[in-house]
Amino acid sequence: MRIDIVSIFPEYFAPLDVSLLGKARRRGLVDVTVHDLREWTHDRHRTVDDTPYGGGPGMVMKPEPWGEALDTIAPPPVTPRLVVPTPSGRPFTQALAVEYAAEPWLLFACGRYEGIDSRVVAAARERMPVDEVGIGDYVLAGGEVAVLVMVEAVSRLLPGVLGNLDSVTDDSFAPGAMETLLEGPIYTKPPVWRDRPVPEVLLSGNHGAIARWRRDQALRRTAAHRPDLVARLTGLDDHDRRVLR
Ligand code: SAM
């Protein structure tokens, strides 16, 4: 997969060299290039922002550097999927991460200040798929952290990035059997730590009982932390309903 990221703070992306993603990059599984938006400015101060039309607080990112950046990185007719982080976008979910992981090329445009002049997205939409995406109901200072979140969520789904593919299928929100359930508690050695034993069933070797226990725990955790998800669950049996009472 190819990933391009445009930002006025390219140094924000140093973490992309670390851990799983860094290893995946070095192994050629994902090809990430970070671009400095200011390369596409032409004045002495390398200006990327200006005051908003109609008044109001803050500054807005100018369309010209963004237009040139997108044309240079993805010259027509080539078409990456453009992802523009914004709190007013569609929510970023595991399902969207799965969708992005199937794309050959993603291009991320990091806004700062009050965001990017809206004509940039309108113009880009005429020649490439564009998603405006929010990573949560809160406001960050810029799109860089949102892009780090999305790139990490997407790249761990790419073939060969994780050693054990089961870690992906067992995740909270993973499509499949545990869909829309949060992952329950997890344990490793030692079997007793500070007088706290690991739940006995996990040491039993009884795979059916372990699967049932994990589902019960997932149901309880989902009910406690995300009752909205429980309300949408279909196919609950009598046992599930008892667990949830
Ligand atoms: N005025 C904007 C609004 O209220 O929607 C907020 C702009 S925010 C201060 C600056 C930039 O941070 C945005 O353009 C976007 O790139 C990024 N950003 C902030 N919160 C975000 C979120 N929850 N999800 C994705 N991107 C976010």
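Here, each number is a calculation from the coordinates, and none is a lab measurement. None of these values were measured; they are calculated from a predicted model. Reconstructed Cβ throughout: ideal geometry from the backbone, glycine too, with neighbour counts over all protein chains shown.
Going by amide H atoms built from the backbone, whose H comes under 5 Å of the H on Glu132, apart from near neighbours?
Distant-sequence amide H within range of Glu132: Val84, Arg90.
In a GNM of the chain with a 10 Å cut-off on Cα contacts, which of Ala123, Ala174, Ala101 has the highest mean-square fluctuation?
Answer for the Gaussian network model of the chain: Ala123.
Projected onto the charge dipole of the chain (+1 at Lys/Arg Cβ, -1 at Asp/Glu Cβ, origin at the Cα centre), which of Trp66, Gly205, Thr188 gives the Cα projection farthest towards the positive end?
Checking the options against the dipole of the chain, the answer is Gly205.
Could you pull the Cα extents of the chain along its three principal axes, largest to smallest, in whole Å?
Here the Cα extents, ordered largest to smallest, are 69, 42, 39 Å.
Quick one: what are the phi-derived ³J(HN,Hα) couplings along region 46-52, Karplus 6.51/-1.76/1.60 with θ = phi - 60°, whole Hz, x for glycine and proline?
Those phi angles translate into 6, 6, 10, 9, 7, 6, x Hz.
Could you work out [θ]222 nm for the chain from helices alone, using -39500 (n - 2.57) per DSSP H run of at least four and dividing by all its residues? Round to the nearest 500 deg cm²/dmol.
Using -39500 (n - 2.57) per qualifying helix, the result is -9500 deg cm²/dmol.
Treating the beta-carbon of each Lys and Arg as +1 and of each Asp and Glu as -1, no other charges, what is the dipole magnitude of region 170-244 about its Cα centre, to the nearest 20 debye?
220 debye
Between Gly163, Gly56, Gly235, where does the largest GNM mean-square fluctuation fall for the chain, given springs only between Cα atoms within less than 10 Å?
Gly235
Identify which of Val34, Val18, Val48 has the largest mean-square fluctuation in a Gaussian network model of the chain, with springs joining Cα atoms closer than 10 Å.
Val18
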